[in-house]
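Quick notes on the structure that follows.
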Amino acid sequence: MANHEFKWKHFSPEIILWCLRWYGSTPMSYANIRDMLAERGISVDRSTIYRWFIEYSPSLRKKLRHYQFINIDSFVAA
């Protein structure tokens, strides 16, 4: 995702993408993700993580869908 998609956000794009990845790929709650960020010294409310997921998950899903059916073997050098 491009940095212009995260314009005017209080947190850096890396932190937002961490949260999206953790929540989308693991069976964790927003509170668990908040605790993981707190261990790293970042204070984020769980409702903020929820809002990020609602806002960015459709565009992230659209961008990742392109890679869903790509054959990995075609990229491996023989």
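The values are calculated or read from the model by the stated rules, or taken from the named source; none is laboratory data. Not measured: the values here are computed from a predicted model. Here Cβ is always computed from backbone atoms with ideal geometry, including for glycine, and neighbour counts include all displayed protein chains. The accessibility values were calculated without ligands, DNA or RNA, using every heavy atom of the protein model including side chains. Shrake-Rupley method; radii C 1.70, N 1.55, O 1.52, S 1.80 Å.
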- Message: As a test question: what accessible area, to the nearest 10 Å², does R46 have when a 1.4 Å probe is rolled over all protein chains in place?
- Response: 130 Å²
- Each label point is 7 Å from the Cα along the Cα-to-Cβ direction; what then is the distance between the points at R65 and W22, in nm? 2.8 nm
